[in-house]
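What follows is a set of notes on a single structure, which appears directly below.
The numbers here are math on the coordinates, done by the rules we state, and not lab data. These figures come from a predicted structure and were not determined experimentally. Neighbour counts run over all protein chains shown; Cβ positions are idealised from the backbone, glycine included.
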Ligand SMILES: [Zn+2]
């Protein structure tokens, strides 16, 4: 994303009052990008529940996913576009997706709240 010419902050809170940090934060366009690990965020393609301590892991991963959705809702209601890139996605593909979204929102600031 940096190579595509975009500038952003890393691992900061997009919204001060919402105690969640995003991996990449584009303040001008109000785009928050999260890089989600396939295991920790229960990727539908790759997540395999561990067989040992199943109860612990079920609760742990379900908690992560619930927190992700809560983060998505909180940031969206503050006018942010939340993007999630899976660990398994090709970096160039994810970067292109982010680049497109950031530039679109930079061009159309009035449509920000509508494009959640
Ligand atoms: Zn995956």
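See the values below:
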{"item": "Every residue from the range 3-21 that is outside any loop (DSSP other than H, G, I, E, B) and either touching a residue at least 24 places away in the same chain (Cβ under 8 Å) or over 16 Å from residue 71 (Cα atoms) (or both)", "result": "9, 10"}
{"item": "Residues satisfying the stated conditions in the range 92-105, i.e. within 14 Å of the chain's Cα centre (by Cα) and within 19 Å of residue 44 (Cα to Cα)", "result": "94"}
{"item": "Odd one out for residue 34 among (1) under 30 Å from residue 108 (Cα atoms); (2) out of contact with any helix residue (DSSP H, G or I) (no Cβ under 8 Å at 6 or more places or on another chain)", "result": "(2)"}
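Here's the yes/no breakdown for (1) closer than 19 Å to residue 4 by Cβ; (2) more than 16 Å from the ligand (Cβ to nearest atom); (3) part of a helix (DSSP H, G or I); (4) touching a residue at least 40 places away in the same chain (Cβ under 8 Å):
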{"residue": "34", "(1), (2), (3), (4)": "yes, no, no, yes"}
{"residue": "45", "(1), (2), (3), (4)": "no, no, no, yes"}
{"residue": "57", "(1), (2), (3), (4)": "no, yes, yes, no"}
{"residue": "62", "(1), (2), (3), (4)": "no, yes, yes, no"}
{"residue": "65", "(1), (2), (3), (4)": "no, no, yes, no"}
{"residue": "69", "(1), (2), (3), (4)": "no, yes, yes, no"}
{"residue": "79", "(1), (2), (3), (4)": "no, yes, no, yes"}
